[in-house]
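> Provided herewith is a single structure, encoded as structure tokens, for subsequent inquiry.
The values are calculated or read from the model by the stated rules, or taken from the named source; none is laboratory data. As the structure is a prediction and not an experimental result, all values here were calculated from the model. Positions of Cβ are backbone-derived with ideal geometry, glycine not excepted, and every protein chain shown enters the neighbour counts.
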Amino acid sequence: MLNFFDCHCDTLTKALSEKKELYKNDLHIDLERLLACGRVVQIFAIWLDEPYIKNAYENTIKAMDFFEEQKNKYGKYITDNFNDENKIRAILSIEGGEAIEGDLDKLRYFSGRGVRLMTLTWNNENEIGYGAMTGIDKGLKDFGKAVVREMNALDMLIDVSHLNERGFWDVCNISQRPFIATHSNAKSVCNHPRNLTDSQLKAMSERKCIVGVNLYPPFVDGEKGSTDNILRHIAHIMNIMGENNIAIGCDFDGIGICPEDIGDVSRLYILYDRVKSVWGADIADKMFYTNMLDFHQW
């Protein structure tokens with residue numbers, strides 16, 4: 001049995017767009033496979049692909065409604081109540097601040113409906129700032145700085161995955177609370193714009209933040225995403241941040257290809273076993289489960 005707290009998957013919006021159920025499907029994650037594990041906490045992100053960004057707020061609400069519908073339909077398996085040990089505990093996040101359309105009231109609305117995290121940008125520019133893939137060397141916009149302050153006030157976690165480096169440093173300077181990179185790796189191990197520099201990792205460590213290790217092969221090694229190379233990222237991140245500031249952010253259903261040995265969530269135990277064999281059960285359990293439980297008042 002594998003206990004895990006996964007910081008990021010895109011299964012919710014993929015299931016919605018492909019008209020599939022959360023309980024059983026042919027995606028990377030479904031409730032049936034999660035139930036075969038041990039204690040599971042899964043963060044379900046609402047990610048809006050290009051066709052949906054034009055009406056981002058409305059489309060995010062549609063995804064939230066689908067999430068509520070699925071929770072009601074499969075309530076015997078899934079809950080947002082952390083006191084219920086016998087069900088999959090689900091947390092809702094938003095991937096890409098396009099969803100709030102430059103309006104703090106919309107951010108407050110999402111918070112009121114149970115969204116606990118928001119990734120400030122996806123790969124593109126939005127009203128908040130600039131994604132890491134834009135190549136733009138500018139920090140957060142004025143509205144983005146206001147978003148950081150408001151998310152602090154709402155006790156929403158700020159997610160810096162996808163954000164460009166200048167925007168990251170603005171978050172460091174403005175946020176009064178620890179933040180998270182839900183699905184990012186180490187740039188020193190794999191030189192990809194989506195990965196974090198050693199300076200960023202050090203700054204996050206000093207602020208008691210968390211990094212969720214991403215399984216997407218282009219972010220792992222640019223090749224097959226071997227388990228050995230995932231371990232290299234883990235070792236590098238822990239060397240800088242320590243054993244209490246690392247987690248997993250698999251990015252299942254948001255990635256076109258999976259690592260060579262981990263084709264879906266049912267194979268995640270392979271990575272756990274490798275981490276356990278190298279660093280021991282205590283560190284493996286921290287990375288896969290308890291670090292995230294202890295990080296925030298869920």
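> Mind listing just one residue for me: the one in segment 254-275 that is of a type in the set (A, V, I, L, M), in a helix (DSSP H, G or I) and buried (at least 17 other Cβ atoms within 10 Å of the Cβ) and, of those, farthest from the chain's Cα centre (by Cα)?
Among those that are of a type in the set (A, V, I, L, M), in a helix (DSSP H, G or I) and buried (at least 17 other Cβ atoms within 10 Å of the Cβ), it is Val275.
> Scan segment 106-151 for residues that are outside any loop (DSSP other than H, G, I, E, B) and not hydrophobic (A, V, I, L, M, F, W, C) and report the count.
The total comes to 16.
> When you scan segment 58-93, how many residues do you find that are in a strand (DSSP E or B) and of a type outside the set (Lys, Arg)?
Total meeting the criteria: 7.
> Of (1) in contact with a Cys (Cβ under 7 Å, 6 or more places away or on another chain); (2) over 22 Å from Pro178 (Cβ atoms), Cys250 satisfies all except one. Which?
Of the numbered conditions (1) in contact with a Cys (Cβ under 7 Å, 6 or more places away or on another chain); (2) over 22 Å from Pro178 (Cβ atoms), the odd one out for Cys250 is (2).
> What are the residues in segment 31-58 that are in contact (Cβ under 8 Å) with a residue 12 or more places away in the chain and under 30 Å from Asn124 (Cβ atoms), if any?
Val41, Gln42, Ile43, Phe44, Ala45, Ile46, Trp47, Leu48, Asp49, Ile53, Ala56, Tyr57
> Any residue in segment 149-176 that is at pLDDT 95 or above and surrounded by fewer than 24 Cβ atoms within 10 Å (Cβ to Cβ) sitting within a Cβ distance under 9 Å of a residue that is in a loop (DSSP other than H, G, I, E, B) and of a type in the set (Phe, Trp, Tyr)? List the pairs, counting only those 6 or more apart or interchain.
Ile158/Phe179; Cys172/Phe179
> Can you confirm whether segment 55-69 contains a residue that is farther than 30 Å from Met1 by Cα, among the β-branched types (Val, Ile, Thr) and in contact with a strand residue (DSSP E or B) (Cβ under 6 Å, 6 or more places away or on another chain)?
There is at least one residue in segment 55-69 that is farther than 30 Å from Met1 by Cα, among the β-branched types (Val, Ile, Thr) and in contact with a strand residue (DSSP E or B) (Cβ under 6 Å, 6 or more places away or on another chain).
Condition check ((1) at pLDDT 95 or above; (2) over 19 Å from Thr182 (Cα atoms); (3) in contact with a Lys or Arg (Cβ under 6 Å, 6 or more places away or on another chain); (4) of a type outside the set (A, V, I, L, M, F, W, C)) across all residues:
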residue: Thr79; (1), (2), (3), (4): no, yes, yes, yes
residue: Leu92; (1), (2), (3), (4): yes, no, no, no
residue: Glu95; (1), (2), (3), (4): yes, no, no, yes
residue: Arg113; (1), (2), (3), (4): yes, yes, no, yes
